[in-house]
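These notes concern the structure reproduced below.
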Amino acid sequence: MAQPTGADQPVLETTARFHRFQVGKLICTSLSDGAIQVPLPPSPPAPGAAQTAATPDARPRFLYVPINCLAVQIPDTGQTVLIDSGFGLTPETLGKPMQSAGRLLESMQAAGLSADAVDVLLISHLDIDHVAGLYNADGTQVFPRATYYASAEAIAFWSKTDIDLSASPVLPWVKAERLLVSAHVLKHSAEHLTVFQAGDEVVPGITATPLPGHAPGQVGFVITSEDDTLLYTADAITHAVVSLATPHVYNPMDLEPDLAVTTRKDLLATLSESGWRSFSPHFPFPSWGRVQKEGDKLVWKPAE
Ligand SMILES: [Zn+2]
């Protein structure tokens, strides 16, 4: 997700960082790509009391959105898998580069992982903050040895010549950005992109699972080793408090909001009942933890 540029847009200070943990035998590394601030629409006035200069809108004007990617090293096969690519270089053609994001390669370097080491690049969905790091400005792959994988449904949708997003209530600039970004990815990927079906075990121990609603063909990834499971949720849940406390509330970034709400509720039920850990790219670093029941509420327990 990118935001329109604005003269009053604050610039975030972010640094490269990583956090290592294990899922069974698999070595996982949370990698920060930085963060962005998304402008919030103004609050509506309270019922019966129009907002005046004397009662200014006290809400924050920007939503802080961390962006984190996940690397998975599989000792049995020697493979290194990277899930999503962050903002990356954000070519000028996709808008103004994000000064506070695009730090994935720095974080990988800090973690002892090189772009050359990545064998498999799994794409959860084709939003800018997940795929702008795939290609250099000249169209070559940022991860030169990697096979890039995306869901067949996502590629089929964005490959259509008559994409119609008019029925979606998503913000107009989000629609425009998604058209631009998907065209960018498809242009550079050409025949080099490998597709999978939701439900496929794409890599031994990593299975794509459908999470529709936020973006066409969005998938998560179920990562399993030795009875230990981590679910990469993509953007089916995007906020560690709001998504859990009010899963029924529309997210203005969800292209199909009703479907996204159903997916979000189902996902939260799965996580809270299974005991699986989860990794959500926009949750606070290091982005992994557990969704747990606390009374009649669901709460996020980071890094547990
Ligand atoms: Zn995102």
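Selection of the stretch 106-144 for residues being of a type in the set (Val, Ile, Thr) and over 12 Å from the mean Cα position of the chain (by Cα) yields Val118, Val120, Thr140, Val142. The residues listed here are Gly213, Gly220; of these, the one that is within 16 Å of the ligand (Cβ to nearest atom), surrounded by fewer than 23 Cβ atoms within 10 Å (Cβ to Cβ) and under 17 Å from the mean Cα position of the chain (by Cα) is Gly213. Per this entry, Ile163 is counted among residues that are modelled with pLDDT of 90 or more and farther than 29 Å from Ile206 by Cα.
Only one entry of Ser166, Ser159, Ser189 meets the criterion of being over 29 Å from Val291 (Cα atoms), of a type in the set (Ser, Thr, Tyr) and free of Cβ contacts under 8 Å to residues at least 12 places away in the same chain, and that entry is Ser166. Do we find that Thr233 is more than 16 Å from the chain's Cα centre (by Cα) and among the hydroxyl-bearing types (Ser, Thr, Tyr) in this structure? Criteria not met by Thr233. Taking (1) at pLDDT 90 or above; (2) surrounded by 14 or more Cβ atoms within 10 Å (Cβ to Cβ) in turn, Pro204 satisfies each apart from (2). Note on the stretch 122-139: residues that are touching a residue at least 24 places away in the same chain (Cβ under 8 Å) and either more than 16 Å from the ligand (Cβ to nearest atom) or in a loop (DSSP other than H, G, I, E, B) (or both) total 12. The number of residues in the stretch 260-292 being in a strand (DSSP E or B) and modelled with pLDDT under 95 comes to 0. The set of residues from the stretch 223-259 being of a type in the set (A, V, I, L, M, F, W, C), within 16 Å of the ligand (Cβ to nearest atom) and in a helix (DSSP H, G or I) comprises just one member, Val242. Please go through the stretch 205-222 and give me each residue that is under 24 Å from Pro286 (Cβ atoms) and either touching a His at 6+ places or on another chain (Cβ under 8 Å) or in a loop (DSSP other than H, G, I, E, B) (or both), ordered by number. Across the stretch 205-222, the qualifying residues are Gly205, Leu211, His214, Ala215, Gln218, Val219. Could you list all residues from the stretch 140-162 that are surrounded by 15 or more Cβ atoms within 10 Å (Cβ to Cβ) and assigned to a loop (DSSP other than H, G, I, E, B)? Residues satisfying the conditions are Val142, Phe143, Ala146. Can you spot a residue in the stretch 179-187 that is hydroxyl-bearing (Ser, Thr, Tyr) and either in a strand (DSSP E or B) or loosely packed, with under 14 Cβ neighbours inside 10 Å (or both)? Checking the stretch 179-187: not a single residue is hydroxyl-bearing (Ser, Thr, Tyr) and either in a strand (DSSP E or B) or loosely packed, with under 14 Cβ neighbours inside 10 Å (or both).
The values are calculated or read from the model by the stated rules, or taken from the named source; none is laboratory data. No experiment lies behind these values; they were computed from the predicted model shown. Note that we place each Cβ from the backbone using ideal geometry, even for glycine, and neighbour counts take in every protein chain shown.
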